[in-house]
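Participant: Input: one structure, supplied below.
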Amino acid sequence: MFSKHVTKNLSAYCHGEVAAEESRRIAEHLIACNRCRGQFEEIKLGVKLAERLPQLAAPDSLWLDLESRLAADSNQSRVESSKQLRFSFKLWQPGFAGVAAGLLLSAVLGAWLFYSRESRPFWEVARLNGSPRIGSSRMDEKGRLAVGEWLETDGSSRAKIEVGSIGHVEIDPNTRVRLMETKPTEHRLELARGKMSARIWAPPRLFFVDTPSAVAADLGCAYTLEVDDSGASLLHVTSGWVELQLKDRESMVPAGAACATKPGIGPGTPYFEDASEKFRQALSKLDFGYVVDVPDLQRPLEVVIAESRSRDTLTLWHLLYRVEGKDRELVFDRMATLSPPPKDVTREGVLQLDDKMLHLWKGYLENSWSNQSGLKKTWIKIWTGALGKVQGLEGKK
Amino acid sequence: MEQRAAMAEPIIDDRVIEACRDGDREAFRLLFEAYKDKVFSIAVYSFGGDEAAASDVSQQIFLKLMTAIGQFRGDSAFTTWLYRMVVNACIDEQRKRRRFLPFGESVPMSKIEDRRPQEKRYARLEVADSVQAAIKELTPKLRMPILLKYVEGLSYEEIATVMGCSKGTVASRLNRGHRSLARKLGHLRNEVV
């Protein structure tokens, strides 16, 4: 059964103004309740917008105007022998001014140091093996990773990060990650190199990982993400969905599928890991223009089409957006053979990338993309569909 | 109008406030420098972008601050005391103006675009402008908590103290304010999320 609705507390939740226990209750409720989750998305957008409200600079004339009014008041006061406004310059004689300036400087430095070290938000980190480092210090059994700090593991060390109350991330050896942001509306990690495994238990689009070639947005899932020295990455999803994005290039990756990314290009096309070797090699050539040791791939799209199975419509559906003209027709025809479109979806509409038709068809195709059954499928629907508007490829032309 | 770049602000401690109480003009200048942008920003947003009105009210606030600072006993934080003065001054001035101006008459926020630094990214400015325009359309009850939260960075507890209401009321008004912004500016989702 649902607990009490949480709509009244959503802004306070976004601002971290509710107690930890209440925060956990709200997070759990949001997972299960469509209505509150819809409102959470709306309030989260309102928060993001309000955060763009700039502080404005007062005009320089403000002090001059104020000073003249002060002077006028002061003269008036003198005439009236009033002592209400009494200005003394005694304190600002040279000797005192030097001491005061020194004290002020110390106070500013002290405050800055205090702020930078103590008041930044942080995540708890636990050492799993070896000697991971946070910044330049080796960590003990437990440590704190503050916003802006790097966590680095060498060849023999591993660590586990608690992502607020929404999940955890395990950091493999030879990995370098940085905490970019942590607040109720967004948790963001940068993976510069190495490998991490994330398990996130929260509404979609709260946890992001920046890599040199794409941003991974969690849609309620578990996955591993690996970045090599060239900045290329490889994502494997083990549960739920992950979205990869670089500028206007996006890929939605479900459980059982993988997706590569390359610097300057972004995410490639997602594919199921049980697809044939030829299929995967041809797709790599199609996405990134090369593949190692396979000289006979003259026409990679034809290989992908010939090798595709029913569940590979995941790959074909993404390719509809990425190829044009005759190639798009070939992709459509193969998809229609493997999984005929529902009656309101026409060939012409799909070839013109009609959003409504594409998403209607995708709704049908998703059954073959999921290796979950029954209850689990429904559960994943709650995560991704109802929020729906998982803004993956929607609206993309 | 310029948007404020991040820079170090003067530190206002008890000694500065004590010196202000003694009528020390330099201490008052420090106080002014620390809070002028914050006070002015609230005034501009409260008066729908009318810089002249905002300057007038900001002056009144600082003059009042000088004369009334002797009454500040330190029972609450100085900022809470100051912002209560700011909120009251803005509301009073709005009431006065409502008597003399036709309803809704104010300077368009677009007027304040001209003097912004060129180096700001266009897209970001566009979002900021749209947010400013949407803020202007909120009722004062919903607008002020948004300003105190996002321009001044106050906590719910501080906003409640400044506005003389409960934390629950602040949370509820912020909820309504956020939803109103989201509904008016839903088309900017991709720009900010």
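Participant: Grab the beta carbon distance between B:K141 and B:K64, set R0 = 25 Å, and tell me the FRET efficiency rounded to 0.05. Don't skip to the end; give the middle numbers.
Facilitator: Values: r = 23 Å, r/R0 = 0.93.
Efficiency, rounded to the nearest 0.05: 0.60.
Participant: What length, rounded to one decimal in nm, is gained on full extension from A:E51 through to A:I31, with 0.36 nm per residue of separation minus their alpha-carbon distance?
Facilitator: Values: separation 20, 0.36 × 20 = 7.20 nm, distance 2.51 nm.
Working it through step by step, the gained length comes to 4.7 nm.
Participant: Considering amide H positions built from the backbone, and no H for Pro or chain starts, which residues 5 or more places from A:A255, or on another chain, come under 5 Å of its amide H?
Facilitator: Amide H to amide H, under 5 Å and 5 or more residues apart or across chains, A:A255 pairs with A:G240.
Participant: Evaluate Rg over Rh across region B:10-104, taking Cα atoms for both radii and Kirkwood's formula for Rh.
Facilitator: Numbers: Rg = 14.1 Å, Rh = 14.0 Å.
Using only Cα positions, Rg/Rh for region B:10-104 is 1.01.
Participant: Right, something else. Kindly provide log₁₀ I(q)/I(0) values, in the same order as q = 0.11, 0.15, 0.17, 0.18 Å⁻¹, from the Debye equation applied to equal alpha-carbon scatterers of region A:177-313.
Facilitator: The Cα Debye sum returns log10 ratios of -0.40, -0.71, -0.89, -0.98.
Participant: Test of understanding: ordering B:M163, A:M180, A:M252 by Cβ neighbours within 10 Å, fewest first, what list do you get? Walk me through the numbers on the way to the answer.
Facilitator: Numbers: B:M163 20, A:M180 15, A:M252 28.
The order, fewest Cβ neighbours first, is A:M180, B:M163, A:M252.
Participant: What do you get for trypsin sites (Lys or Arg not before Pro) in region A:297-336 restricted to DSSP loop and a cutoff of at most 16 other Cβ within 10 Å of the site's Cβ? Intermediate results must be reported in sequence, preceding the final value.
Facilitator: Details: sites: A:R309, A:R311, A:R322, A:K326, A:R328, A:R334; in loops: A:R309.
When the trypsin sites (Lys or Arg not before Pro) of region A:297-336 are filtered for loop state and at most 16 Cβ neighbours within 10 Å, A:R309 remain.
Participant: Pairs of alpha-carbon atoms within less than 8 angstrom and 6+ residues apart define the contacts here; what relative contact order does region A:188-322 have, in percent? Kindly include the intermediate steps, with their values, before the conclusion.
Facilitator: Values: 294 pairs, mean separation 21.4, N = 135.
Relative contact order comes out at 16 percent.
Participant: Among B:I11, A:I161, which comes first, then next, by fewest other beta-carbon atoms within 10 Å?
Facilitator: By the 10 Å Cβ count, ascending: B:I11, A:I161.
Participant: Would you mind calculating the relative contact order of region A:7-50 from Cα pairs under 8 angstrom and at least 6 residues apart, reporting the percent as a whole number?
Facilitator: Values: 20 pairs, mean separation 20.1, N = 44.
Averaging sequence separation for qualifying contacts and normalising by length gives 46 percent for region A:7-50.
Participant: Please arrange A:D229, A:D327 by how many other C-beta atoms lie within 10 Å of their C-beta, fewest to most.
Facilitator: Lowest count first: A:D229, A:D327.
Participant: Once you keep just the Cα pairs under 8 angstrom separated by 6 or more residues, what percentage relative contact order results for region B:10-104? It would help to have the intermediate numbers written out before the result.
Facilitator: On the way: 59 pairs, mean separation 23.7, N = 95.
Computed over region B:10-104, the figure is 25 percent.
Participant: Could I have the simple spin-label model distance between A:R322 and A:A336, label points 7 Å from Cα toward Cβ, reported in nm to one decimal?
Facilitator: That separation, rounded to one decimal, is 2.3 nm.
Participant: In whole Hz, what ³J(HN,Hα) sequence does region A:23-34 give by Karplus (6.51, -1.76, 1.60; θ = phi - 60°), x for Gly and Pro?
Facilitator: With the stated coefficients, region A:23-34 comes to 4, 5, 4, 5, 4, 5, 5, 4, 5, 9, 10, 4 Hz.
Participant: A further question on this structure: Rounded to the nearest 0.05, what FRET efficiency do A:R176 and A:K356 give with R0 = 56 Å and r taken as the Cβ-Cβ distance? Could you check?
Facilitator: Numbers: r = 43 Å, r/R0 = 0.77.
The value I calculate is 0.80.
Participant: Now, a different point. Pairs A:K48/A:K356; A:K183/B:K141; B:K96/B:K136; B:K96/B:K141; A:K160/A:K195; B:K36/B:K64: which exceed 20 Å Cα-Cα?
Facilitator: Pairs exceeding the cut-off: A:K48/A:K356; A:K183/B:K141.
Every read-out reported here was derived from the displayed coordinates using simple, explicitly stated rules and does not represent laboratory data. It should be emphasised that the depicted structure is a prediction, and the values quoted were computed from it without experimental measurement. Cβ sites come from the backbone with ideal geometry, for glycine too, and all protein chains shown count toward neighbours.
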